[in-house]
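Worksheet for the structure shown next.
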Amino acid sequence: MHDLDIARKSAPKRLGKSALNRNRRLPISTSLSAEVGQARLRRGVPTDGRESGHVSLCPRYSAILALVLLSLCMKTGAASAHALLDHADPRVGNTVKSPHVVSLWFTQNLETAFSTVEVFDSNGARMNTGNAAVDKTDRKLLRVPVKALPPGTYTVKWRVLSVDTHTTEGNFTFHVAP
Ligand SMILES: [Cu+2]
């Protein structure tokens, strides 16, 4: 599911600037050859000044490449969790006063355009007044405004696209106290 190829193809389009910078290093990490070091030299990437021979650069690049590979493995491992619901407000299963907004926190950053939350009453009537939006500063947070909710049980259905391009969905209920 989480091969590096997918991450490499999709990440630069979807991730922020810092992630882009990280991903520029990806081709190097996937090719453990001295030619890569030479390519970097030709492109004017700063070196330690020992331009005269790539042989002396190899151990240095090998160490860097090993670190990049290691961090990639760790990133990929974390990504395999997909975006799952971490917690919500109102809390899952809790009884609360009528909220104005339902907030859901996920385990991964979300893609705004493809992440939805809908709130239904026990008759299946839609109670959210607009579309869910990912918070601008916390992309793990998805919020949806709701009508004034009479006492009862409400079902929250969510479907999210995380930045690792995987879609997950789920639902939970909360209660509004009489
Ligand atoms: Cu995933």
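The values are calculated or read from the model by the stated rules, or taken from the named source; none is laboratory data. Note that the structure is a prediction, hence the values are computed from the model and not measured. Every residue, glycine among them, receives a Cβ derived from its backbone with ideal geometry; neighbour counts consider all protein chains shown.
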Going by the conditions given, is THR95 at pLDDT 95 or above and surrounded by fewer than 16 Cβ atoms within 10 Å (Cβ to Cβ)?
-> yes
Just name the residue that is nearest to the chain's Cα centre (by Cα) out of those in region 92-136 that are among the β-branched types (Val, Ile, Thr) and in a loop (DSSP other than H, G, I, E, B).
-> THR107
Take region 137-178 and flag every residue that is small (Gly, Ala, Ser) and over 15 Å from the mean Cα position of the chain (by Cα).
-> ALA148, GLY152, GLY170, ALA177
Residue count, region 152-165, condition modelled with pLDDT of 95 or more and either outside the structural domain of VAL101 (by TED's automatic domain parsing) or more than 14 Å from VAL117 (Cα to Cα) (or both), comes to 2
Can you confirm whether region 146-162 contains a residue that is touching a residue at least 40 places away in the same chain (Cβ under 8 Å), closer than 16 Å to SER98 by Cα, surrounded by fewer than 14 Cβ atoms within 10 Å (Cβ to Cβ) and out of contact with any strand residue (DSSP E or B) (no Cβ under 9 Å at 6 or more places or on another chain)?
-> yes
Checklist (1) outside any strand (DSSP E or B); (2) closer than 19 Å to VAL92 by Cβ applied to THR165, failing item | (2)
